[in-house]
Amino acid sequence: MNKLYIGNVSAEASEEDLESLFKQWTIPHSGPFLVKTGYAFVDCPDEKTAMRAIDVLSGKVELHGKVLEVEHSVPKRQRSCKLQIRNIPPHIQWEVLDSKLAEYGAVESCEQVNTDTETAVINVRYATKDQARLAMEKMNGSMMDNNALKVSYIPDETATPEGSLSGGRRTFNSRGPPRAGSPGLGARPKVQSDIPLRMLVPTQFVGAIIGKEGATIRNITKQTHSKIDIHRKENAGAAEKPITIHSTPEGCSNACKTIMEIMQKEAVDTKFTEEIPLKILAHNNFVGRLIGKEGRNLKKIEQDTGTKITISPLQDLTLYNPERTITLKGSIEACSSAEQEVMKKIRESYESDMAAMNLQSNLIPGLNLNALGLFPSGTPGMGPSMSSVPPPGALGGCSFGCSPYGGEGPFWASMLSASSQPLAQGQPESETVHLFIPALAVGAIIGKQGQHIKQLSHFAGASIKIAPAEGMDAKQRMVIIVGPPEAQFKAQCRIFGKLKEENFFGPKEEVKLEAHIKVPSFAAGRVIGKGGKTVNELQNLTCAEVVVPRDQTPDENDQVIVKISGHFFACQLAQRKIQEILAQVRRQQQPKPASEPQPPVPRRK
């Protein structure tokens, strides 16, 4: 990896010019420059020198009016599955980078390279050469937070044997200690969590936690390597104050335990006799998965840690307060153990949703998912939440629509402005989705004098109608949604959220609905795939249940129904992937333009 390729070399450049340039930038080389027309090669004494030459010169230095491109020299026959990606913003979190890499194939390994540059460098190995080539083509020169990524092949001499990593599972191994100023790209266990630990403490203990002139809180911060915000000015006169802890999961837990110990000591000193439980704040989006089916996850945490856990009711939620209070009762040791398990579940839910969000952003071109406010403000790629008062009666309380942690307000202004922006790649085709909701929920969706459904339709930019009941005892009603992909996403998102808000699903249930989309009968086989392969892959990818009922009679438009069941993101992913298949079928059905007849060539005499 010590040999360099120097591209975009001017025809006027000579070996002496390149030697002078390397000398100017104090970059040693171990052999002569081999100058060809438009490019050159040179050997460096070691890998670190080669990396420095790439970082210092590539895309930054001119020679005879042309900006040089410098990268590792790898002959085509040696180009396999391994790439080096440079100029990565140092604050990017692993989850964001992981999702970006996964767009082009299965990443088998990813390791950080120590450099002296301000930006980060990683070596990535894909499962196949084609995946590596695609990643090279798509990522080289692409922008990531105002940084143009630089991607090049590197010799795959350290490649692990095929099959040594089951299922293409990604592993992230750091080479050397994490670089200073790059919190987002160290070894994974040391990465600061995107989800802070939020806790409520009795107001009378805030002074003891801060300490004289802030000495106690500074000591906690130093010992646990965390950033702690005590929101003293929020809710003046309230009996409890929120505390936000930013650190690694381990750092958050250590800081939380220390705060509990300080409160316990203060209680003894002030003869405070009431029990002091640990209260954790968590966004409502994550609570259903924390509870688990029939409360199994929560019961297991209680049994494993010897604690009693309760969660505040959904009725306490407002548009401006989307957090639920999780109360843990037990000894300090028991509560600390339970906190670790609770936050582990919440972080897993966040990572799962983030991955789904990234997939959605690729599947719906132009859709501004950041504006939905699903995740904490300050998350990489998320702009700050915008303070705004929602329109009168505006679709209130959707659990998909508020900033979970520290946001200054809901997402209305950014979301509405995003909805007015034209989508990329032309105007997308309108789609029709039939979404089935509980019959008892029809009134909540329609709203008083039809106001809610009108506002929902206007907000999403979709036609939304509720079909008549099929019988007196019908348990479900069909909502007909017509609009382009972005409108479908917004409308369905709000309907899922409204059903949760109005308690049509219990606190221990995740909102799961059935959606029907119609496909041309001749395309149904493409959705199913040979031996059901495509539909099985679709279900594995999206976590939705996808069924194409057999023996369907096509309707008057020669269409059949595909049934999709699952939670919101699962349904959306399945819908998008099926629409991709249909788009591919439509392209293949289009007649190829007839080639124009060529005028006869006169015969030479």
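The values are calculated or read from the model by the stated rules, or taken from the named source; none is laboratory data. A quick note: this is a predicted structure, and the numbers were derived from the prediction, not measured. All Cβ positions, even for glycine, are placed from backbone atoms using ideal geometry, and neighbour counts span all protein chains on display. Surface accessibility is based on the protein's heavy atoms, side chains included, excluding ligands, DNA and RNA. Shrake-Rupley method; radii C 1.70, N 1.55, O 1.52, S 1.80 Å.
Miscellaneous remarks
- Some residue of the range 246-258 being closer than 19 Å to LYS344 by Cβ, of a type in the set (Val, Ile, Thr) and out of contact with any strand residue (DSSP E or B) (no Cβ under 8 Å at 6 or more places or on another chain): yes
- Failed item in (1) at pLDDT 95 or above; (2) of a type outside the set (A, V, I, L, M); (3) in contact with a Leu (Cβ under 8 Å, 6 or more places away or on another chain), with GLN360 passing the rest: (1)
- Residue match in the range 436-443 (condition: more than 18 Å from PHE568 (Cβ to Cβ), open to solvent by 20 Å² or more (accessible area, probe 1.4 Å), within 33 Å of the chain's Cα centre (by Cα) and not aliphatic (A, V, I, L, M)): no
- Test: ASN219 is at pLDDT 90 or above and open to solvent by 30 Å² or more (accessible area, probe 1.4 Å): yes
- Where strands (runs of 3 or more DSSP E) fall wholly inside the range 197-276, the ranges with 3 or more residues that are in contact (Cβ under 8 Å) with a residue 40 or more places away in the chain, within 25 Å of GLU323 (Cβ to Cβ) and in contact with a helix residue (DSSP H, G or I) (Cβ under 9 Å, 6 or more places away or on another chain) are 197-202, 240-246.
- Scanning the range 288-301 for residues that are assigned to a helix (DSSP H, G or I) and open to solvent by less than 40 Å² (accessible area, probe 1.4 Å) yields GLY288, LEU290, ILE291, GLY295, LEU298, ILE301.
- Single residue of LEU513, LEU541 found to be within 25 Å of GLU486 (Cβ to Cβ) and either touching a Gly at 6+ places or on another chain (Cβ under 6 Å) or without any contact (Cβ under 8 Å) to a residue 60 or more places away in the chain (or both): LEU541
- Any hit, the range 55-75, residues being under 30 Å from THR248 (Cβ atoms), surrounded by 16 or more Cβ atoms within 10 Å (Cβ to Cβ) and touching a Leu at 6+ places or on another chain (Cβ under 9 Å): no
- Any chance ASP98 is closer than 25 Å to GLU118 by Cα and surrounded by fewer than 19 Cβ atoms within 10 Å (Cβ to Cβ): yes
- Filter result (more than 13 Å from ILE517 (Cα to Cα) and either open to solvent by less than 60 Å² (accessible area, probe 1.4 Å) or touching a residue at least 40 places away in the same chain (Cβ under 8 Å) (or both)) within the range 556-572: GLY566, HIS567, PHE568, PHE569, ALA570
- Exclusive hit being within 26 Å of the chain's Cα centre (by Cα) and open to solvent by less than 80 Å² (accessible area, probe 1.4 Å), set GLU501, GLU537, GLU509: GLU501
- The set of residues in the range 1-22 being open to solvent by 50 Å² or more (accessible area, probe 1.4 Å) and more than 13 Å from GLU69 (Cβ to Cβ) consists of MET1, ASN2, LYS3, ALA11, GLU12, GLU15, GLU16, GLU19, SER20.
- Against the conditions (1) within 25 Å of ALA127 (Cβ to Cβ); (2) without any contact (Cβ under 8 Å) to a residue 24 or more places away in the chain, GLY31 satisfies every one except (1).
Listed here are the residues, each with its yes/no results for (1) touching a helix residue (DSSP H, G or I) at 6+ places or on another chain (Cβ under 8 Å); (2) more than 25 Å from ALA148 (Cβ to Cβ); (3) among the hydroxyl-bearing types (Ser, Thr, Tyr).
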residue	(1), (2), (3)
TRP25	yes, no, no
PRO28	yes, yes, no
PHE33	yes, yes, no
GLU47	no, no, no
ARG52	no, no, no
ASP55	no, no, no
LYS60	no, no, no
GLU71	yes, no, no
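- Selection status of ARG526, open to solvent by 10 Å² or more (accessible area, probe 1.4 Å), over 30 Å from ARG324 (Cβ atoms) and assigned to a helix (DSSP H, G or I): yes
- The lone criterion from (1) within 30 Å of SER247 (Cα to Cα); (2) open to solvent by less than 50 Å² (accessible area, probe 1.4 Å); (3) in contact with a Pro (Cβ under 8 Å, 6 or more places away or on another chain) left unmet by CYS44 is number (1).
- Residue in the range 331-345 that is crowded, with 19+ Cβ neighbours inside 10 Å, in a loop (DSSP other than H, G, I, E, B) and not charged (D, E, K, R) present: no
- Count - residues of the range 61-75 that are closer than 25 Å to ARG133 by Cα and of a type outside the set (Asp, Glu): 7
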